[in-house]
Amino acid sequence: MKHIVVLDPTPVIWMGIGFGLIGLMIWSAAYNAYRQNRLRGHIDENLAIARRSIKIVERSAELREQQVQLLEDILQRQEEMVRLLRQIAQTRNDAAENIQKRSSPSQAV
């Protein structure tokens with residue numbers, strides 16, 4: 001008895017393995033492309049957040065500089081007020097001394 005092999009399954013198995021490997025390579029390439037696209041999206045989002053943060057920090061620094069300038073202006077004005085008040089007080093003291101000096105000789109005479 002001779003066995004007649006009508007269909008040898010070996011080539012079909014190897015074709016299935018080959019197609020499976022090709023499919024796996026295609027799936028892997030597509031997944032890597034998807035992952036890289038997602039990573040690029042995250043990187044772009046992080047860069048946008050970083051840019052906004054930098055702008056906020058720069059604006060904060062500008063506001064602090066303005067705040068320091070305003071405080072320096074207030075301090076200057078306070079110093080000017082103290083100087084003027086001392087000048088007024090000195091003028092009053094001088095006037096009081098002049099009155100005392102004028103009244104002193106008249107009492108001695």
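Coordinate-derived values only; no laboratory data. Given the structure is predicted, the values throughout are model-derived calculations rather than measurements. Cβ placement follows ideal geometry from the backbone for every residue including glycine, while neighbour counts extend to all protein chains displayed.
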Study note, to complete from the structure: About its Cα centre, the chain carries a charge dipole, from +1 on Lys and Arg Cβ atoms and -1 on Asp and Glu Cβ atoms, whose size in debye to the nearest 20 is 120 debye
Check your understanding: Say each of ARG102 and ARG51 gets a label point 7 Å from the Cα, pointing the same way as Cα to Cβ; how far apart are those two points in nm?
Key -> 7.7 nm
Check your understanding: Given that just one value was derived from the coordinates, which of (i) 1.94; (ii) 1.14; (iii) 0.97 is Rg/Rh (Cα atoms, Kirkwood Rh)?
Key -> (i)
Revision key, fill the gap. Taking the dipole of the chain about the Cα centre (Lys, Arg +1; Asp, Glu -1; charges at Cβ), the one of ILE26, ALA95, LEU63 that reaches farthest to the positive side is ILE26
Study note, to complete from the structure: Residue-normalised 222 nm signal for the chain, counting each DSSP H run of n ≥ 4 as -39,500 (n - 2.57), nearest 500 deg cm²/dmol, is -35500 deg cm²/dmol
Review point. Considering the chain as a Gaussian network with a 10 Å cut-off on Cα pairs, which listed residue, ALA29, ALA96, ALA61, attains the greatest mean-square fluctuation?
Key: ALA96
Review point. Going by how many other beta carbons lie within 10 Å of each one, how would you line up THR91, THR10, fewest first?
Key: THR10, THR91
